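The values are calculated or read from the model by the stated rules, or taken from the named source; none is laboratory data. For clarity, every value in this text was computed on a predicted model and none was experimentally measured. With ideal geometry, Cβ positions are generated from the backbone for all residues, glycine too; neighbour counts draw on all protein chains shown.
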Amino acid sequence: MDLDDDACYRALLTRDRRFDGRLFIAVTTTGVYCRPICPARIPLRKNVRFYPSAAAAQEAGFRPCLRCRPESSPDLGIWRGTSNTVSRALALIEGGALGEAGVESLADRLGVGDRQLRRLFKQHLGASPLAVAHTRRVLLAKQLIHDTRLPMSEVALAAGFGSVRRFNETFQKLYGRSPSSLRRIRGEDTSATEAGVTLKLAYRPPLDWDAILAFLARRAIPGVEAVNGRTYVRSVALDGKDGAIVVEPGAGPFLKVTIRFPRLEALPSIIARVRRVFDLAADPIAIGAHLAEDPFLAPLVASRPGLRVPGAWDGFELGVRAILGQQITVSAARRLAGALTMACGRPTRDSWALNAGLTHVFPDPVTVAESDLKKLGMPRARLEALKSFAVALVADPSLLGAGRSLDEASAGLCRLKGIGEWTAQYIAMRQLREPDAFPVGDVGLIRALADREGRRPTRAELLSRAERWKPWRAYAAAHLWASLTPATSRSSNSEASHGPRAA
């Protein structure tokens, strides 16, 4: 990422919130790096350095500011659209890819050399992959210290440190003090398994919370997830353990997320999934500015400036929903997903989830592959497609992972029985978080253009027109779908895209 130092300093002088998460300011006289909105006295121009990421500033030897708390800044995907390899690598790092394996293993999963991967990280983030992973651990730990009452041993475990000793040594070296001395919340320590961990996940405003919540509400699988008022809840199952999450809007540009899960080391992975579901890494200002260059999309972007592309909690769950919903309505697909959950899903063991009306966890690929699904009453071809998808995931769990490019992932999915280009692109949008995924044959996209222009474009015409929307075609699709009237949306046979399949 190229930084214009003069422009960065002007942003600092005005404490411009538009740059929060986009750049970090390091002060050579104090050895501290800050957000551009830091309330501290603005340093002299000659004493500041600018970095594109917290990891870059930390790798350069600066420590996080205790006043503006860099761990609370939006985690923007500013690299998206410029380096999809970096975007996929970060998704894998969030999932713990560098917890035990090294950069070479990460590069292999991405299909690139480790030297090339380091070069891309340096170019776009100003830091190495290991530095990024280390900074994420440190900043998550610092957020847990500030925002929770977890004992320090549990903070170390939840943030991904291998031992409490390493955790203490890192903070002593970075901050010059013990982790416990940074805690501002006073009171008795509370175990995460008793009360849950509540965190604030920042985002770059605006965010159309009502739109994303309505999207999830229409597709909520009975017994697994629900929308209550302006709050989203769902059951969680990872590695044989059960829990639940609650997500609601905060008083500022952040979501308030409560996580109940017995294994604290799973916390980073759960947080990464929440960010994916609510598309918190998006930069709506930059995306909107690009799409608004098209006169046709400009009024749509202006009317929905905070529109996001909702992600998926789990790739298998999303793929199953796409197959179950083929050629039926949204509500019918939702009922069928609920029936599958009751037939194959395991009852949740989490008491809070049960009290919230969440009765089951979604079934895993092994269970679906081995179950008799004939009692669900689906057409034979759809049953075979469902089985084929489950078997494929059992054989290759990385099929829906972030290591593949958009073209590779789409081609791999299309080789499975019952999955065509539309479904593959839709999965890429919501699970793989590919910002340029585009289900070109979607009926809803064609309808949205026809409603405004009076004629339906052909598939080739739509694909040609979408060229100018790159690398944000997924967001262009979201705006086109949102432009459809409620009546049109209800009459469509598709759920997610008003297209040939419900998902």
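On inspection, Gly196 does not qualify as buried (at least 18 other Cβ atoms within 10 Å of the Cβ), in contact with an Asp or Glu (Cβ under 7 Å, 6 or more places away or on another chain) and of a type in the set (Gly, Ala, Ser).
Going residue by residue through region 74-95, is there one that turns out to be among the basic types (Lys, Arg), surrounded by fewer than 19 Cβ atoms within 10 Å (Cβ to Cβ) and part of a helix (DSSP H, G or I)? No.
Does any residue of region 7-25 turn out to be in contact with a Phe, Trp or Tyr (Cβ under 7 Å, 6 or more places away or on another chain), within 20 Å of Arg137 (Cβ to Cβ) and either in a loop (DSSP other than H, G, I, E, B) or modelled with pLDDT of 90 or more (or both)? Yes, because at least one residue in region 7-25 is in contact with a Phe, Trp or Tyr (Cβ under 7 Å, 6 or more places away or on another chain), within 20 Å of Arg137 (Cβ to Cβ) and either in a loop (DSSP other than H, G, I, E, B) or modelled with pLDDT of 90 or more (or both).
Hey, could you check region 26-54 for residues that are in a loop (DSSP other than H, G, I, E, B) and without any contact (Cβ under 8 Å) to a residue 24 or more places away in the chain and say which is surrounded by the fewest Cβ atoms within 10 Å (Cβ to Cβ)? Show your work before the answer.
Within region 26-54, the first condition is being in a loop (DSSP other than H, G, I, E, B), and the residues that meet it are 28-31, 35-44, 52-53.
Within this subset, residues satisfying the condition of being without any contact (Cβ under 8 Å) to a residue 24 or more places away in the chain are 28-30, 41, 43-44.
Working: Thr28: 14, Thr29: 10, Thr30: 14, Arg41: 5, Pro43: 19, Leu44: 10.
Checking each candidate, the answer is Arg41.
Of the listed requirements (1) farther than 22 Å from Gly95 by Cα; (2) modelled with pLDDT of 90 or more, Ala322 misses just one: (2).
Taking the stated definitions as given, is Tyr232 crowded, with 17+ Cβ neighbours inside 10 Å, at pLDDT below 95 and either touching a His at 6+ places or on another chain (Cβ under 6 Å) or of a type outside the set (A, V, I, L, M, F, W, C) (or both)? So Tyr232 fails the test. Within region 243-255, one or more residues are closer than 16 Å to Leu144 by Cα and among the aromatic types (Phe, Trp, Tyr).
Return the residues of region 434-466 that are polar (S, T, N, Q) and in a helix (DSSP H, G or I); say none if nothing qualifies. Across region 434-466, the qualifying residue is only Ser464. Restricting attention to region 371-411, the residues that are out of contact with any Asp or Glu (no Cβ under 9 Å at 6 or more places or on another chain), of a type in the set (Ser, Thr, Tyr) and either in the same structural domain as Ser105 (by TED's automatic domain parsing) or part of a helix (DSSP H, G or I) (or both) total 2.
Taking the condition outside any helix (DSSP H, G or I), surrounded by fewer than 18 Cβ atoms within 10 Å (Cβ to Cβ) and small (Gly, Ala, Ser), does Ala251 pass? Here the answer is yes, as Ala251 does meet what is asked.
In region 280-370, counting only helices (runs of 4 or more DSSP H) that sit wholly within it, the ones holding 2 or more residues that are touching a residue at least 60 places away in the same chain (Cβ under 8 Å) and either surrounded by 20 or more Cβ atoms within 10 Å (Cβ to Cβ) or out of contact with any Lys or Arg (no Cβ under 6 Å at 6 or more places or on another chain) (or both) span 284-291, 298-303, 315-324, 330-344.
Under the condition of being in contact with a strand residue (DSSP E or B) (Cβ under 6 Å, 6 or more places away or on another chain) and either crowded, with 22+ Cβ neighbours inside 10 Å or in a strand (DSSP E or B) (or both), the residues counted in region 254-269 number 8.
Residue count for region 108-119 satisfying the condition of being surrounded by fewer than 20 Cβ atoms within 10 Å (Cβ to Cβ) and not in a loop (DSSP other than H, G, I, E, B): 7. Tallying residues that are buried (at least 18 other Cβ atoms within 10 Å of the Cβ), without any contact (Cβ under 8 Å) to a residue 60 or more places away in the chain and small (Gly, Ala, Ser) within region 384-419 yields 3. Picking from residues in region 121-133 that are touching a residue at least 24 places away in the same chain (Cβ under 8 Å) and surrounded by fewer than 20 Cβ atoms within 10 Å (Cβ to Cβ), the one that is nearest to Ala266 (Cα to Cα) is Leu130.
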